[in-house]
Amino acid sequence: MALIENSRVKESSGGYERVFGNKSLGQLISRIQSTVISAGFELERMIMNRVYKIENLDDFLEKELIPEGVSVAPKKQVKKCELFDHSGIAEPDFIIFKRRHGKQNCYIVELKDGHVFDTKKASAERATVHSFAERNGHRLQSTVSSHICCFNQNDREAIFHGFKKKIPIGEILTGRQFCELLEIDYDEIIYLRKQDGQKNILFFIKELLKISEIKDKIKGFING
């Protein structure tokens, strides 16, 4: 679960402390930032818990036909695969193999929680999936396509503009489209993540009120 209460910040540069002039508040904001980062990993875990996970990608690729259904290789398996050329390129978050009605398709996907990036970052994200596909597509024994998924945005136009128009609409997947591809329940994942959000709000308020300076200021606002 991506909960603030579970986050631990071992060492901080003190940036948030300097912004607020309060060490305790700075540490709390650092824990929030750590939770934001861990939320992306938690999303990947939630997805992988709902799909058929490829345990050995080398063995999988050596099969004459991929199995019927949906099979997913996470970044960890992609990195370990000895059949791939990894030199000078980054591995994508997922390689998804789908066989339905005799058709084999492979989707190389980079997964994002957000959907707004600066121009340089947007270009780099697209380069990740395309470079990998160009280098290794012939090893995938399927019709290969490359995609960026922004899980929490269900407007492809918003994603398109958030990536500064550096990614063609046809390469964009919304969170719902991604889950439809995987044949898993998008609404269930969103529901579970919202539950985390409510817990985080309560924890954040409680921790704020433990800081005497903040508590006094809140009381001042309430009392006018």
> If the Cβ limit is 8 Å and pairs must be 6+ apart or interchain, which residue in the range 60-74 that is polar (S, T, N, Q) pairs with which residue that is in a loop (DSSP other than H, G, I, E, B) and crowded, with 19+ Cβ neighbours inside 10 Å?
Replying inline: S71/I54
> In this structure, is G21 surrounded by fewer than 16 Cβ atoms within 10 Å (Cβ to Cβ) and either assigned by TED's automatic domain parsing to the domain that holds L202 or in contact with a Lys or Arg (Cβ under 9 Å, 6 or more places away or on another chain) (or both)?
Replying inline: yes
> What number goes with the only condition from (1) free of Cβ contacts under 8 Å to residues at least 60 places away in the same chain; (2) within 25 Å of M46 (Cα to Cα); (3) of a type outside the set (V, I, T); (4) surrounded by 12 or more Cβ atoms within 10 Å (Cβ to Cβ) that H86 does not pass?
Replying inline: (2)
> Applying the selection to the range 34-48, what residues are surrounded by 15 or more Cβ atoms within 10 Å (Cβ to Cβ) and over 23 Å from C81 (Cβ atoms)?
Replying inline: S34, T35, S38, A39, E42, M46
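Residues are listed down the side, and each one gets a yes or a no for (1) over 30 Å from E68 (Cα atoms); (2) of a type outside the set (A, V, I, L, M, F, W, C):
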position	(1), (2)
E188	no, yes
L192	no, no
N200	yes, yes
F204	yes, no
E213	yes, yes
D216	yes, yes
I222	yes, no
> Just to be sure, is S38 farther than 23 Å from I184 by Cα and not assigned by TED's automatic domain parsing to the domain that holds C179?
Replying inline: no
>> Of everything in the range 49-83, what is part of a helix (DSSP H, G or I) and surrounded by fewer than 16 Cβ atoms within 10 Å (Cβ to Cβ)? Give them in sequence order.
In response: D58, D59, K76, K79, K80
>> Cβ-Cβ under 6 Å, sequence separation 6+ or interchain: first residue in the range 201-215 and in contact (Cβ under 8 Å) with a residue 60 or more places away in the chain and under 15 Å from Q27 (Cα atoms), partner in a helix (DSSP H, G or I) and among the β-branched types (V, I, T). Which pairs?
In response: F203/I4; L208/I214
>> If I filter the range 208-224 down to residues being in a loop (DSSP other than H, G, I, E, B) and at negative phi, which single residue comes out as surrounded by the fewest Cβ atoms within 10 Å (Cβ to Cβ)?
In response: N223
> What number of residues within the range 21-57 are modelled with pLDDT of 95 or more and among the charged types (D, E, K, R)?
Replying inline: 2
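The values are calculated or read from the model by the stated rules, or taken from the named source; none is laboratory data. A quick note: this is a predicted structure, and the numbers were derived from the prediction, not measured. All Cβ positions, even for glycine, are placed from backbone atoms using ideal geometry, and neighbour counts span all protein chains on display.
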